[in-house]
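The next block holds one structure in the form of C-alpha cells; read it before the comments.
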C-alpha cells in the first residue's frame with residue numbers, strides 16, 4: 001500500500017452495526033493497519049467526512065480514502081443515497097466503492113450497480129469465508145489497483 005498522508009485513511013468503512021465493524025476490521029487487519037481505517041456509523045457522517053463538512057470541516061479533502069466499504073442499511077441517509085452522492089461529485093466520483101451488505105435482493109444489487117458501485121459483496125455468517133473475501137477485495141483495491149489522480153492534482 002502506498003504512503004498515506006497523516007490524518008487521512010486508506011479505507012472508509014461505513015457501517016452502523018458494531019459487531020459487523022469488528023468482524024470487518026478484524027478481517028482486514030492483515031492488509032490495512034487499524035489506524036488507516038476510518039469507521040463512520042451513518043451515511044450522513046460518511047458524507048461529512050468525504051466532503052469536509054460538519055465535524056470534519058477543515059479536513060483536507062484532497063486526501064480521500066483509497067477504498068470505501070459501504071453498508072446499505074444505515075441511519076439517516078441510506079447507503080444507496082451515499083453512493084449516488086459520491087458518484088455525483090467530481091471530487092469523489094472515481095473512488096472505488098464496494099457495497100458490503102446482508103442483502104441478496106437482485107433489486108439492491110442492480111440499483112447499486114446502476115449507481116456506480118464497483119462491487120457488491122454479501123455479508124456472510126461464515127467468518128472464515130467472509131474474512132477471505134474481504135482480504136481479497138482489500139488486497140485488490142489497495143495494492144493492485146492503480147487509481148487515477150485526485151481531480152485537484154489533475155487541475156495543476
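Points worth noting:
- With neighbour counts taken as other beta-carbon atoms within 10 Å, the residues 51, 120 rank, fewest first, as 51, 120.
- Cα gyration tensor category, rounded, prolate or oblate, for the range 86-156 with a/c compared to 1.5: oblate
- Residue-averaged [θ]222 nm for the chain, counting only DSSP H segments that reach four residues, each worth -39500 (n - 2.57): -10500 deg cm²/dmol
- Length-normalised contact order of the range 1-118 in % [C-alpha pairs under 8 Å, at least 6 apart]: 25 percent
- The range 1-124: C-alpha gyration tensor shape, a/c 1.5 cut-off, then a/b vs b/c: oblate
- When the chain is treated as a Gaussian network with alpha carbon springs shorter than 10 Å, the biggest mean-square fluctuation among 135, 30, 61 belongs to 30.
- Extending 7 Å from Cα along the Cβ direction at residue 78 and again at residue 126 yields two label points whose distance is 2.9 nm.
- The chain: most fluctuating residue of 27, 138, 57 per GNM, C-alpha cutoff 10 Å: 57
- Residues 77, 146, arranged from fewest to most other Cβ atoms within 10 angstrom of their Cβ, appear as 146, 77.
- Taking a ≥ b ≥ c as the square roots of the Cα gyration tensor eigenvalues, the range 32-84 comes out oblate, since a/c reaches at least 1.5 and a/b does not exceed b/c.
Computed from the coordinates by the stated procedures, all read-outs in this text should not be read as laboratory data. Everything numeric here is computed off the predicted structure, so don't read it as measured data. Positions of Cβ are generated from backbone atoms using ideal geometry, with glycine treated the same way; all protein chains shown enter the neighbour counts.
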